[in-house]
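Take a look at the structure set out below.
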Ligand code: HH2
């Protein structure tokens, strides 16, 4: 089995839960991007608006001002594929013009009535992620009858809607949205674990699957000592390798070097005797 691509996270936000605002200015964000490329990132995911539970929204002009200079600066020195983590079509448009080739949308093109048409017009790759609710309220009390079935049905509907708007089938990625409207705070991580357990059913839809488990809160729900996101590397790697074994196409991660190393070891074992 080929190993998933590693997508390194570069946030340019003051309130990211895992980067803690450490990469606010362009120079620091660019230095971080360079480091992730050197560590073996196959692509970079640039984000200018935090989607952590309870995060405040940012307007499009501010988001563009955060992400476009960074994308241009990365593009000026590297051919690494860049994705833009945004729910706003105007930001996606500006980011693609600056050199991004994948629109990573946590609302699965649902934030604006224009989103799907803009994605089709841009002709870029699009990652459609499942979320129940919106980032401000999504962790209040997420409920499902059948979390895996509902996430699969949602992703299939959103992929059809994107294609109906003119997005090419081969441009579409799917993402179950680990931590996005899953498992009320303080509850066992039943929704997130069910989705991880059944990742192969999402892979079976026939689109490349993107998985974001890095430093997420479900790890703390399993290991309550890991209250600091920086202290969730072991759990992040365990879940990343689980995703690799289930056939995901890409992993969105903060710890690129360690994830690449873990995947290399996993792949080396996997190919023995073939
Ligand atoms: N997770 C986060 C942000 N964007 N995009 C996709 N497709 N899948 C994910 O799981 C995903 C995502 C949240 O992670 P993080 O970057 O650590 O937080 P922030 O939203 O503050 O950038």
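Quick notes on this one:
- Residue count for the stretch 163-182, restricted to those that are more than 19 Å from residue 83 (Cβ to Cβ) and within 14 Å of the ligand (Cβ to nearest atom): 2
- Unmet criterion (only one of (1) touching a residue at least 60 places away in the same chain (Cβ under 8 Å); (2) part of a loop (DSSP other than H, G, I, E, B); (3) within 11 Å of the ligand (Cβ to nearest atom)) for residue 45: (2)
- Qualifying residue in the stretch 141-149 (condition: over 17 Å from the mean Cα position of the chain (by Cα) and closer than 16 Å to residue 90 by Cβ): no
- So residue 177, is it under 20 Å from residue 240 (Cα atoms), part of a loop (DSSP other than H, G, I, E, B) and either modelled with pLDDT of 95 or more or in contact with a strand residue (DSSP E or B) (Cβ under 9 Å, 6 or more places away or on another chain) (or both): yes
- Looking at 209, 213, 256, 203, just one residue is surrounded by 19 or more Cβ atoms within 10 Å (Cβ to Cβ), more than 11 Å from the ligand (Cβ to nearest atom) and within 22 Å of residue 85 (Cα to Cα), and that residue is 256.
- All conditions but one from (1) part of a helix (DSSP H, G or I); (2) surrounded by 20 or more Cβ atoms within 10 Å (Cβ to Cβ); (3) at pLDDT below 95 apply to residue 50; the one that does not is (1).
- In the stretch 58-76, residue surrounded by the fewest Cβ atoms within 10 Å (Cβ to Cβ) [restricted to those that are in contact (Cβ under 8 Å) with a residue 40 or more places away in the chain and within 16 Å of the ligand (Cβ to nearest atom)]: 58
- Here residue 177 meets the list (1) in contact with a helix residue (DSSP H, G or I) (Cβ under 8 Å, 6 or more places away or on another chain); (2) on the phi < 0 side of the Ramachandran plot; (3) in contact (Cβ under 8 Å) with a residue 40 or more places away in the chain almost entirely, failing just condition (2).
- Candidate set from the stretch 136-151 (those that are within 16 Å of the ligand (Cβ to nearest atom) and over 25 Å from residue 58 (Cα atoms)); member that is surrounded by the fewest Cβ atoms within 10 Å (Cβ to Cβ): 147
- Of all residues in the stretch 183-197, those being in a loop (DSSP other than H, G, I, E, B) and within 16 Å of the ligand (Cβ to nearest atom) number 3.
- Restricting the stretch 4-15 to residues that are at pLDDT 95 or above and either within 14 Å of residue 51 (Cα to Cα) or outside any strand (DSSP E or B) (or both), the residue that is farthest from the ligand (Cβ to nearest atom): 4
The values are calculated or read from the model by the stated rules, or taken from the named source; none is laboratory data. Predicted model, so just to flag it, every value in this text is computed and none were measured. Glycine gets a Cβ as well: all are built from the backbone with ideal geometry, and neighbour counts include every protein chain shown.
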